[in-house]
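Engineer: One structure is given below, represented as structure tokens, and several questions about it will come after.
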Amino acid sequence: MSLLVVGSVAFDAIETPFGSVDRTVGGAATYFSLAASFFTRVNLVGVVGDDFATEHEAVFSGREIDIAGLERAAGKTFFWSGRYHDNLIDRITLTTDLNVFANFNPRLPEPYRKSTHIFLANIDPTLQRSVLKQVTGKPTLVALDTMNYWIERTPAELRETLRHVDILMINDEEARQLSSEYNLLRAARRIFKMGPKTLVIKRGEHGAMMVHNDWVFSVPAYPLDEVHDPTGAGDSFAGGFMGYLAGAGRLNGDTLRLAMVYGSVLGSFAVEKFGLERLLSLKRREITARVRHFHKLTTFKL
Ligand code: AMP
């Protein structure tokens, strides 16, 4: 089994009520890769500029992350900045500078083309499709994330890409917007007609819900004493989810449910500190301990 991710590798500037960081390494593909690398080897496809130095690249080293597909282009790395409100849920985007991302044309190194598990992080749906086209053979599982920007501005391209996707992983607002249905179960049924057979809805502090055919599975958000920075929670969730499935090598109702738990656990670690800090210090045994605790938290006798 091999896991491929395409998405942003970025510099982020983040402000929350607990403090701020400037130009820290972030990006959806970065959070995803770090989270997934606890379970399986990850092949990363993305682009950085010539300001992305060896010290920045160090976040990937010593881990099961292959960055042969991380292109270096002349110019500046993608830059994003955001500010969170006191509730740590609502945030405003202050800056999105696409920089080298604007002309990004993903190219898969030969060994990546046989990937069995693929995560198309939130980027232009046309680029997501171009990655899929370069994959040879039929992958076991293709999952996709997107956002309101693409739902509003490139609906036809997004619809075309969705036809080739097994799992759509979005938040509740995006599910409502994409389906024009407020009720999330009805939204799921509409989305199934677009291609995906499974919908994973990330709901922040309310946890996450999976809808697959006629069954629904929900996990709570892991209760935490302190949340410092929600940036990357969704991408870390996706990394835990896809990483676990690729590592397990089996795809059935049980592994999908457990993937939801691993996703929730990785998301919970990501938000404990600023930027990538907590994921960088995380140990496999801490993940296992939190999954066990999760089990206690959600089990009851009938
Ligand atoms: P999340 O908190 O899950 O929305 O992910 C935050 C990460 O996504 C940050 O590290 C940003 O660098 C990255 N990001 C923000 N906006 C975009 C965008 N328009 N396209 C790609 N990546 C983005």
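Engineer: Select, from 4, 88, the only residue that is closer than 29 Å to residue 139 by Cα, more than 11 Å from the ligand (Cβ to nearest atom) and either assigned to a loop (DSSP other than H, G, I, E, B) or of a type in the set (A, V, I, L, M) (or both).
Structural biologist: Selected residue: 4, the only one of 4, 88 that is closer than 29 Å to residue 139 by Cα, more than 11 Å from the ligand (Cβ to nearest atom) and either assigned to a loop (DSSP other than H, G, I, E, B) or of a type in the set (A, V, I, L, M) (or both).
Engineer: Six or more apart or on different chains, Cβ under 7 Å: which pairs go from a residue in the range 219-231 that's among the charged types (D, E, K, R) to one that's within 13 Å of the ligand (Cβ to nearest atom) and assigned to a loop (DSSP other than H, G, I, E, B)? Could you list them?
Structural biologist: 229/271; 229/274; 229/275
Engineer: Of all residues in the range 15-48, count the ones that are of a type in the set (A, V, I, L, M, F, W, C), touching an Asp or Glu at 6+ places or on another chain (Cβ under 6 Å) and more than 18 Å from residue 247 (Cβ to Cβ).
Structural biologist: 2
Engineer: Hey, another quick one. Within the set of pairs 6+ apart or on separate chains, which have a first residue in the range 104-131 that is more than 21 Å from residue 10 (Cα to Cα), a second that is within 16 Å of the ligand (Cβ to nearest atom) and assigned to a helix (DSSP H, G or I), and C-beta atoms under 7 Å apart?
Structural biologist: Going by the 7 Å Cβ cut-off, the qualifying pairs are 117/242; 129/161.
Engineer: Next up: What is the residue count in the range 134-174 for residues that are crowded, with 16+ Cβ neighbours inside 10 Å, hydrophobic (A, V, I, L, M, F, W, C) and in a helix (DSSP H, G or I)?
Structural biologist: Adding up the residues that qualify gives 4.
Engineer: Looking at the range 91-124 only, could you name the residues that are surrounded by 13 or more Cβ atoms within 10 Å (Cβ to Cβ), among the aliphatic types (A, V, I, L, M) and within 15 Å of the ligand (Cβ to nearest atom)?
Structural biologist: Matches in the range 91-124: 98, 100, 120, 121, 123.
Engineer: Looking at this structure, is residue 226 within 16 Å of the ligand (Cβ to nearest atom), over 28 Å from residue 139 (Cα atoms) and among the charged types (D, E, K, R)?
Structural biologist: no
Engineer: Pairs under 8 Å by beta carbon, first residue among the basic types (Lys, Arg) in the range 33-49, partner in a strand (DSSP E or B), six or more apart or different chains?
Structural biologist: Going by the 8 Å Cβ cut-off, the qualifying pairs are 41/3; 41/65; 41/66.
Engineer: Kindly indicate whether residue 276 is buried (at least 19 other Cβ atoms within 10 Å of the Cβ), away from the ligand (no atom under 16 Å from the Cβ) and either within 24 Å of residue 170 (Cβ to Cβ) or within 13 Å of the chain's Cα centre (by Cα) (or both).
Structural biologist: It is false that residue 276 is buried (at least 19 other Cβ atoms within 10 Å of the Cβ), away from the ligand (no atom under 16 Å from the Cβ) and either within 24 Å of residue 170 (Cβ to Cβ) or within 13 Å of the chain's Cα centre (by Cα) (or both).
Engineer: Going through the range 110-134 one residue at a time, which ones are closer than 24 Å to residue 151 by Cβ and either of a type in the set (Val, Ile, Thr) or under 14 Å from the mean Cα position of the chain (by Cα) (or both)?
Structural biologist: Selection gives 118, 119, 120, 121, 122, 123, 126, 128, 131.
Engineer: Hey, another quick one. Would it be correct to say that residue 32 is of a type in the set (A, V, I, L, M, F, W, C) and not in a strand (DSSP E or B)?
Structural biologist: yes
Engineer: Which numbered condition in (1) more than 14 Å from the ligand (Cβ to nearest atom); (2) assigned to a strand (DSSP E or B); (3) of a type in the set (A, V, I, L, M, F, W, C) is the only one that residue 13 fails?
Structural biologist: (1)
Yes/no matrix, rows are residues, columns are (1) touching a residue at least 24 places away in the same chain (Cβ under 8 Å); (2) farther than 30 Å from residue 13 by Cβ:
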| site | (1), (2) |
| --- | --- |
| 255 | no, yes |
| 263 | yes, no |
| 273 | yes, no |
| 283 | no, no |
| 292 | no, yes |
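Engineer: I would also like to ask the following. Identify the residue in the range 191-223 that is among the hydrophobic types (A, V, I, L, M, F, W, C) and within 16 Å of the ligand (Cβ to nearest atom) and, among all such residues, is surrounded by the fewest Cβ atoms within 10 Å (Cβ to Cβ).
Structural biologist: Step by step, filter the range 191-223, then rank; the result is 221.
Each value in this text was obtained by applying a stated rule to the coordinates, not by laboratory testing. Everything numeric in this text was worked out from a predicted model, so none of it was measured. Heads up, the Cβs are rebuilt from the backbone with ideal geometry, glycines too, and the neighbour counts pull from every protein chain shown.
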